[in-house]
Every structure is written in C-alpha cells, then in structure tokens.
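Just so it is clear, none of the values below were taken in a lab; they were calculated from the coordinates. If you're wondering where the values come from, they're calculated on a predicted model, not measured in any experiment. FYI the Cβ positions are ideal-geometry reconstructions off the backbone, even for glycines, and counts take in every protein chain you see.
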Amino acid sequence: MSLIISLLLLLAILVGLSKLFPLVDEKYKSWYAFIPVYNLYIWLKIIEKPWWWIILLLFPGPNILMISIMVVNTGTVFGYRETKDVVLGGFLPFFYLPYWSFSEQPKHIGQIDRVKFPKSSAMEWRDAILFAVVAASIIRTYTFEAFTIPTGSMEKSLLIGDYLFVDKLAYGPKTPITPIAFPFAHHSLPLTNNTVPSYVKWLQLPANRLPGYSSIKRNDVVVFNYPEGDTVDVEIQANQSYYSMIRSVSQQAKREELAAGQPEKPDAYYYKIAKNYLLENRKFTIRPVDKRENYIKRCVAIAGDEIEIKEGILYVNKEKSFMAEEMQYVYFVTFKNTINLTDRAKANFKKEYNVNLASIMDASGNGTTFRMPLTKEMVEKIKLDPNVVNVERYINPKPALDAERTLDYPYYPNVKSYNWTEDNFGPLVIPSAGMTIDLTIENLPLFKRPIRVYEGNDLKVKNGKIWINGEETTTYTFKMNYYWLMGDNRHNSADSRFWGFVPEDHVVGKASFVWLSIDPELPSFDGGLRFDKMFRTVK
C-alpha cells in the first residue's frame with residue numbers, strides 16, 4: 001500500500017509539471033515531465049536553480065524537503081507568492097502543485113527580481129537553514145551519525161558517556177523506510193515525552209541498502225535497530241520490550257492464581273491474560289525498523305556461524321571466540337573486614353578499580369561480599385588488596401529441563417523447552433540468506449520470529465504440523481543474513497542471548513571513532529572529562 005501511495009504522489013507531481021512545462025516555453029512538451037532526470041533538469045531551469053540540485057534529489061528522505069523547496073519556487077515563478085501559497089506548497093507539495101496547475105490557468109512570470117526586491121534578513125536565514133538541514137540530513141542519513149553510549153553493556157571497551165561517530169558507509173547506508181520525518185529526531189518529536197511520532201506513518205517504503213565498502217565481520221562493534229523494538233510501551237520505551245512485559249505479567253498472573261488455590265494451566269492461558277491486561281492498561285506504539293531504538297554491541301558471529309557459550313566462554317564454530325581486552329564479567333569479591341556501602345565507599349571502589357558506582361552491589365547483605373563487573377586487569381589488581389580474601393567469577397548454570405521454572409524465560413528463545421542462560425547457551429546456528437533448515441516443532445521456537453516477523457511469512461502450527469503461507473512444510477529457506485551480537489560487559493548486557501538474531505536490515509553502521517568521553521558519575525573537572533579516552537578508534 002505504501003508503494004502505491006508513493007507512486008501516486010510522484011505521479012501527482014509529474015502530472016502537475018506536464019501542465020506547467022508548455023506554459024513556460026512551447027519547446028517544453030508535456031510528455032517531457034515523464035522523462036526521468038531530464039524532467040528535473042527542465043524543472044530546475046524553469047525555477048532558475050542550479051542543475052546540481054538534481055544530486056540532492058537522489059537521496060530518499062532529504063529529497064522530500066528539496067521537493068517542497070522546489071514546489072514553493074515553482075509557485076513563485078507562476079505568481080503564487082502569498083503566504084498561504086508558501087505554506088501550502090511547503091507542507092503539501094504533492095497536493096498543492098497539481099491543484100493550482102489545474103484549478104486555473106497559471107501564468108509564467110519568472111523569479112522575483114532580487115535587484116529590485118532584495119531578500120530580507122529573515123528570508124536569507126530561512127534559505128540558509130533549509131539548505132543546512134538538507135545537507136546535514138544527507139550526511140546523517142547516508143554517511144556518519146553521532147551516537148552516545150547510554151548504558152554499560154559495552155564496558156570497558158566503550159564507556160557510558162562516550163560520544164562516537166557511526167560509519168554508515170561501511171556496510172552501506174540504508175535508505176529511509178519513513179521518508180517524511182522531522183529532521184534530526186529519531187522516533188519522537190522533541191519535548192513530547194516520546195508520545196508524538198516524528199514521522200508520517202502512512203508512507204513507508206521498502207527497506208533498501210546502498211553498497212558499502214565492507215561487510216560485517218566478526219568482532220566489529222555494530223550499531224543496529226533493536227529487533228524487539230517493533231512494539232513499544234510509550235512510557236517505558238527501550239527499558240523493557242513488549243514481549244518481556246508479556247512474560248513478566250503472565251508470571252504474576254500464574255503466581256496469583258496458584259496462590260488462590262487454582263490448578264496450574266498451560267502457559268498460553270497466562271500469556272493471553274497478560275496480553276489483554278497490557279493492551280487495556282498500557283499505551284503501545286508500533287515502529288518501523290528505522291525508527292526503533294539504536295543499540296550498540298559487538299558482532300560475535302556472522303551468518304552461517306554456530307555459537308555456543310560454556311561456563312561464560314563463547315565458542316564460535318567450536319573455537320574460543322575473540323575476547324576484547326577490556327571485556328568484563330561479574331565477580332563476587334569477599335573482604336575480611338566489613339565495608340559499609342556508602343557513597344564514599346562506592347567512590348573508593350571507582351577510584352581504585354574503575355567500577356561504575358551503579359554496578360556495585362552488596363551481595364551478602366552484611367558488607368563482606370560485593371557483586372561487581374571487572375576486567376581481567378581489574379581482577380588481578382583487586383586480588384592484591386590485603387583486605388580481599390576471595391574473588392570468584394559469577395556463572396549462571398543451566399537449570400534442569402524438568403525443574404520448576406517461572407514463565408519469565410528471559411533467555412532466547414524464551415520458552416520452557418530451552419533451558420539456556422547467559423553463561424550456558426546453545427549450540428545455535430546463525431541463519432544466512434539462502435540457507436535451508438529442517439523445521440520441526442522442537443526447533444521452531446528458535447526460528448519462529450525470523451520467519452514470521454523479520455521475513456514476513458504467515459506461520460501457523462496446526463495438529464502438530466508447521467504451515468507457512470498456507471502450505472504444510474518441514475523446511476525453510478531464509479531470505480536474509482542474520483548476526484549474533486553481544487555486549488563486552490557480559491553479565492550486564494541485554495543482547496542476542498535475550499532476544500535472538502539481528503537481521504541484516506536492522507544494521508545501521510559500524511562504530512568508528514570516539515571524539516568525546518564524559519563520566520556522568522564524576523564532576524567534569526574532577527575526572528568527569530576522560531581525556532585519555534577521547535579521540536580513539538573503536539576496537
């Protein structure tokens with residue numbers, strides 16, 4: 001439907017131009033308006049603008065603004081110069097140009113003579129701002145975009161408060177799915193508390209990627225659109241996905257019914273209760289791929305790889321994976337003497353061992369054992385503390401399949417039949433485009449979301465049989481490449497271990513360069529400005 005709307009809007013402009021061309025000069029035939037590129041060349045000549053504006057019109061997204069500018073200029077050369085003409089031409093270009101070109105006989109009078117009527121300062125500023133927005137939008141959409149590290153999932157490779165550039169040329173820039181959008185706003189308009197979308201929902205284009213100079217490689221640090229961010233609670237935003245909310249609420253419903261003495265029912269029963277409750281009591285919005293939250297993680301496995309995590313160690317294709325120099329795991333550190341976990345004590349931990357204040361937890365409840373994420377170097381340093389008696393890495397074991405478990409199932413594929421954890425996970429094959437797998441009821445949970453959501457198929461299970469697009473099947477061939485992304489802060493990262501594969505159309509770009517680093521937990525001139533972390537490439 002969006003493609004049809006796009007074609008109709010384009011046709012409206014072309015039909016309007018076909019009416020106007022002959023009015024300027026008899027040599028400009030009506031049918032010239034339907035010749036690609038040449039029609040733009042003639043249009044620019046008519047409004048007396050340089051030919052190189054054609055280049056700006058090649059970029060989906062910013063070209064919408066260019067069309068608005070050109071329609072306003074077209075109105076000017078045909079005598080439509082009132083304020084209402086400028087406003088309607090700028091905001092409704094696809095409707096206004098054909099409207100006035102057919103509603104009456106326009107007369108070509110040419111551009112305003114700027115010698116006699118020079119532009120005011122306000123008009124000069126308007127034009128400068130418009131072209132700055134166009135240029136910045138092209139740069140931001142198709143080359144580099146600024147990004148801020150909001151969480152500690154990549155500590156200590158990337159730090160909370162790091163400001164970096166994302167290279168979109170590396171893997172090829174994506175053309176906007178939502179071309180009509182407020183400039184520089186991601187998914188919501190500023191000052192609206194994420195309640196007002198920054199884009200037009202009724203016009204969405206197919207996802208396309210332009211050629212890049214590289215492909216995604218193992219261990220690249222990648223920025224991508226959050227795969228589970230399709231359905232979002234407007235208030236909670238990225239903190240908890242719709243799907244994890246369902247699992248959480250269904251768990252609570254089950255707990256309440258069992259406490260009331262009711263017999264246990266199938267999981268589907270509690271999930272239905274949770275869905276109904278959430279839809280009645282929360283406000284959700286559905287976002288297209290390019291308007292989902294941006295995440296940043298390390299690509300540990302590419303399409304076709306097999307991953308497995310054993311006791312916290314990642315194996316890719318049965319070999320130990322690359323471990324970033326500053327990768328962190330959670331450790332339990334036990335001290336001889338009791339430590340009162342005051343702000344001052346936390347500050348001392350930060351000063352001595354570079355541990356984020358928010359990450360320090362009293363695991364014993366009596367001030368002797370603390371839970372904190374540490375790098376290998378930090379572990380060796382903390383062991384030298386005479387007050388430390390033990391440093392032990394946390395490992396989350398697999399529960400027995402028949403063990404009593406909640407309905408939360410936080411680890412992918414988020415079902416009871418898979419007892420994986422963040423430290424013991426897999427084995428799992430990462431799908432690649434053209435890969436055909438045997439599809440069974442047992443392994444369907446692993447691939448259900450890619451087949452149904454990411455690749456747009458109708459998938460159903462009837463009488464123990466799998467049906468895709470109305471046909472019973474035992475195999476499936478993937479259309480896209482997928483990737484597995486994990487944070488370097490292995491026990492404090494919401495990553496593929498929790499929500500699964502990252503489809504290639506969700507990839508935004510490669511993290512390339514940190515230009516500023518600010519520690520939000522320290523004053524700017526007392527360690528807050530991390531000069532040693534500025535102007536570095538991302539590894």
Inter-label distance for K217 and V200, nm, one decimal - labels placed 7 Å from Cα along Cα-to-Cβ: 4.2 nm
Pairs of alpha-carbon atoms within less than 8 angstrom and 6+ residues apart define the contacts here; what relative contact order does the chain have, in percent? 16 percent
Whichever lysines have a C-alpha closer than 16 Å to that of K539, once near sequence neighbours (fewer than 8 apart) are set aside: K156, K217, K297, K510
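About the Cα centre of the range 244-283, what is the dipole size in debye to 20, counting +1 per Lys and Arg Cβ and -1 per Asp and Glu Cβ, all else neutral?
220 debye
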Could you calculate the FRET efficiency of W31 with F322 from 1/(1 + (r/R0)^6), where r is the beta carbon distance between them and R0 is 56 Å, rounded to 0.05? 0.40
Over all directions, how big on average is the projection of the convex hull of the alpha-carbon atoms in the range 188-231, in square nanometres? 5.4 nm²
Computed on Cα atoms, the radius of gyration and Dmax of the range 244-283 in angstrom are 10.0, 32
Hits among aspartates and glutamates - C-alpha to C-alpha of K45 under 13 Å, sequence gap 8 or more where chains match: D25
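Taking neighbour Cβ counts within 10 Å as the exposure measure, how do F425, F184 sort from fewest upward?
By the 10 Å Cβ count, ascending, the order reads F184, F425.
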Looking at the range 275-306, which trypsin sites (Lys or Arg not before Pro) are in a loop (DSSP not H, G, I, E or B) and have at most 14 other Cβ atoms within 10 Å? R282, K283
Relative packing of peptides 489-501, 461-473 - highest average C-beta neighbours within 10 Å first: 489-501, 461-473
For volume of the Cα convex hull per residue in Å³ the list reads (1) 137; (2) 208; (3) 166; the calculated value is entry (2)
Ordered by fewest other Cβ atoms within 10 Å, a rough proxy for footprinting exposure, L40, L130 read L130, L40
FRET E, pair L11, F184, Förster distance 45 Å, beta-carbon r, rounded to 0.05: 0.90
Mind pulling the angle between the C-alpha long axis of helix 93-103 and the longest principal axis of the chain? Nearest 10 degrees, somewhere in 0 to 90. 20 degrees
Cleavage-rule hits (trypsin sites (Lys or Arg not before Pro)) in the range 194-273: DSSP loop, at most 16 neighbouring Cβ within 10 angstrom: K201, K217, R218
Which of the trypsin sites (Lys or Arg not before Pro) found in the range 80-141 are in a DSSP loop and have at most 15 neighbouring Cβ atoms, other than their own, within 10 Å? R81, K107, R114, K116, K119
Taking only the Cα positions of the range 376-455, the convex hull volume per residue in Å³ is 166 Å³
Based on Cα positions only, what radius of gyration and what Dmax would you give for the range 327-479, in angstroms? 22.9, 68
Ignoring everything except DSSP H segments at least 4 long, calculate the 222 nm mean residue ellipticity for the chain; use -39,500 (n - 2.57) per segment, divide by total residues, nearest 500. -9000 deg cm²/dmol
Can you spot the aspartates and glutamates whose alpha carbon is less than 13 Å from K462's alpha carbon? Ignore those fewer than 8 places along the same chain. E471, E472
Most exposed first, judged by fewest Cβ atoms within 10 angstrom, Y482, Y411, Y38 run Y38, Y411, Y482
Taking the Cα centre of the chain as origin, sum charge times position over the Cβ atoms of Lys and Arg (+1) and Asp and Glu (-1), and report the length of that vector in debye to the nearest 20. 820 debye
Stokes-Einstein D for the range 313-393, Kirkwood Rh over Cα pairs, 10 °C, 1.306 mPa s (µm²/s): 118 µm²/s
Angle between the chain longest axis and helix 2-24 axis [Cα atoms, degrees, rounded to 10]: 20 degrees
Using 0.36 nm per residue, how much length does the chain from Q111 to K398 gain when fully extended, once their Cα-Cα distance is taken away? 95.9 nm
Pseudo-spin-label distance L384 to F284, built 7 Å along Cα→Cβ, given in nm, is 5.3 nm
